Amino acid sequence: MTDQTATPRSFSASVPLKGRIAIPGDKSISHRSLMLSALAVGESRVTGLLEGHDVLATAAAMRAMGATIERQDDGEWVIDGVGVGGLLQPREALDMGNSGTSTRLLMGLVASHPITATFVGDASLSGRPMGRVIDPLSAMGADISASPGGRLPLMVRGLAPAIPLTYRLPMASAQVKSAVLLAGLNTPGITEVIEPVPTRDHSERMLRGFGADLTVETDTDGTRHIRIRGEAELKPQTIVVPGDPSSAAFFIVAALIVPGSDITIANVGLNPTRAGLVEVLQQMGGDIILQDAREVGGEPVADLRVRHSNLKGIEVDPAIVPSMVDEFPILFVAAAFAEGRTVTTGLDELRVKESDRIAVMAAGLKAIGARVEESEDGLVIDGTGGEPLPGGATVAGHLDHRICMSFAVAGLVSKTPVTIDDIAPVATSFPNFEELLAGLKDQHHEL
């Protein structure tokens with residue numbers, strides 16, 4: 001059946017890439033900017049919001065609980081919030097679609113408000129267990145009744161005032177951390193999350209940006225103690241959602257490996273918990289310059305100027321894996337064009353992503369002529385020293401958007417076109433990927 005609906009696409013040797021682009025907004029920050037704007041008193045404005053299904057589910061839920069949220073014709077979103085403690089009883093079940101982030105974070109918000117909300121989702125989301133959030137929120141006093149296995153549909157009956165909690169995360173999860181901190185917003189006293197393994201810190205940064213009293217202390221062993229003082233008053237903000245570093249990654253590598261390229265990617269989020277790829281590519285000799293570095297809504301942001309570079313193979317430090325776990329497929333492509341050998345280890349998690357990204361990338365790179373050895377937890381790649389790859393194969397993308405985009409970039413420096421069996425999955429995270437790529441090629445002809 002899949003063959004009938006597949007959309008194959010070929011990518012071939014490219015002219016130099018030139019010009020300036022803006023990439024889609026960061027999904028994690030988009031969710032949080034809507035939630036916190038809806039809890040501030042007054043009018044917040046958000047530009048650059050990622051308007052995917054998941055983020056729109058968050059917007060719909062906050063509307064259902066009393067916030068006024070409107071999208072202007074110019075793409076700016078205006079949110080008039082209800083204030084912490086001011087969430088209203090939703091009249092209908094909150095439909096989360098496929099968004100685990102929306103579900104877990106909104107359960108935290110509801111848990112400390114005197115309202116009851118029912119959460120429903122699609123078949124995929126309804127198969128995902130919510131127990132990791134149910135446990136701490138129940139300890140704060142929320143009454144949560146879930147379907148068997150701690151799954152959706154589930155109902156949260158909030159308690160106000162809720163009971164402040166000190167909670168040690170049993171697993172690394174930014175969503176569980178965020179759920180507890182958001183519940184703590186309307187809970188008297190101090191709510192504390194103890195995080196033995198650091199995870200992305202967008203919630204902490206944005207809560208502070210909105211005026212919450214939040215502190216972070218780090219022990220000598222790296223354990224983080226995050227404390228929030230409840231009954232907070234959030235102040236409305238103007239937020240420019242930074243471009244998603246995971247989306248920027250494909251254009252960064254394309255410019256580094258396509259000879260003669262010189263591009264600028266505007267407004268890229270460079271949160272240290274997400275920006276490992278830039279550091280690794282710079283270690284390999286990549287010409288990536290941060291311009292106009294600034295802070296927006298508590299997040300570090302810069303414009304990235306990227307020029308074609310002669311990359312050198314390196315041994316990638318496994319300690320950097322958490323900050324670039326989604327970027328390894330495109331790093332493997334960069335390594336295939338570097339001079340010498342690149343060694344990656346500690347990538348066990350890549351085997352359980354949307355596909356087994358180690359095996360799939362190894363097979364695809366071999367098919368287009370790269371020299372690759374697969375190990376249990378990584379790849380060893382001997383690069384071409386900048387020479388084009390033979391190309392000429394059809395690569396299986398395994399319905400994994402990052403695999404598809406990685407091989408699209410590889411095709412730009414191949415002697416014969418690289419075909420991806422189905423490009424359709426790219427729309428899930430980066431609907432205008434091909435359009436932006438075409439624009440960078442067109443700029444060259446205009447110059």
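Annotations
- The stretch 178-243: relative contact order as a whole-number percent, Cα under 8 Å and 6+ apart: 40 percent
- Filtered GluC sites (Glu not before Pro), the stretch 131-239: DSSP coil and at most 10 other beta carbons within 10 Å: none
- Peptide ranges 25-37, 316-328, 430-442, 52-64 listed from the most packed, as the mean C-beta count within 10 angstrom indicates: 25-37, 52-64, 316-328, 430-442
- The stretch 251-287 residues near the modelled ILE320 label - backbone nitrogen below 17 Å, point 7 Å along Cα→Cβ: 251-254, 256-257, 270-287
- Site pair HIS53 and THR273 shows an inter-label distance of 2.6 nm when each label is modelled 7 Å from Cα along Cα→Cβ.
- Once the C-beta distance of ARG63 and LYS312 is scaled by a Förster radius of 60 Å, the resulting FRET efficiency is 0.70 to the nearest 0.05.
- Computed from label points 7 Å out along Cα-Cβ, the spacing between ALA359 and GLU373 is 2.1 nm.
- Principal axis box of the chain, alpha-carbon based, largest edge first, Å: 65, 52, 46
- Flagged links, alpha-carbon separation over 22 Å, of LYS18/LYS366; LYS312/LYS441; LYS366/LYS415; LYS27/LYS312: LYS18/LYS366; LYS312/LYS441; LYS27/LYS312
- Accessible carbon and sulfur surface of the chain relative to its total accessible area, %, 1.4 Å: 50 percent
- Helix-derived mean residue ellipticity, 222 nm - over the chain, DSSP H n ≥ 4, -39500 (n - 2.57), to 500: -9000 deg cm²/dmol
- Protection proxy ranking for 42-51, 7-16, using the average of other Cβ atoms within 10 Å per residue and placing the highest first: 42-51, 7-16.
- FRET efficiency, ALA293 to ASP262 (Cβ-Cβ, R0 25 Å, nearest 0.05): 0.80
- Helix axis angle, 53-64 relative to the chain longest principal axis, alpha carbon, degrees: 20 degrees
- The residue list ASN271, GLY66, LEU304 was ranked by how far each Cα lies along the charge dipole of the chain toward its positive end, using unit charges on Cβ atoms, and GLY66 comes out on top.
- Stretching the chain fully between ARG341 and HIS225 yields a gain of 37.8 nm (0.36 nm per residue, less the alpha carbon separation).
- DSSP-defined antiparallel bridges as percent of all bridges, the chain, nearest 5: 75 percent
- 1.4 Å probe accessible area per residue over the stretch 4-75, in Å²: 42 Å²
- With the simple spin-label model, which puts each label point 7 Å out from Cα in the Cβ direction, the THR7 to ASP135 separation comes to 4.2 nm.
- When you restrict to C-alpha pairs under 8 Å that are six or more residues apart and normalise by the size of the stretch 153-287, the relative contact order lands at 20 percent.
- Length-normalised contact order of the stretch 288-447 in % [C-alpha pairs under 8 Å, at least 6 apart]: 18 percent
The values are calculated or read from the model by the stated rules, or taken from the named source; none is laboratory data. Quick caveat: nothing in here was measured; it's all calculated off a predicted structure. Glycine also receives a Cβ, built like all others from the backbone with ideal geometry; neighbour counts cover every protein chain displayed. Side chains included, ligands, DNA and RNA excluded: accessible areas come from the protein's heavy atoms. Shrake-Rupley method; radii C 1.70, N 1.55, O 1.52, S 1.80 Å.
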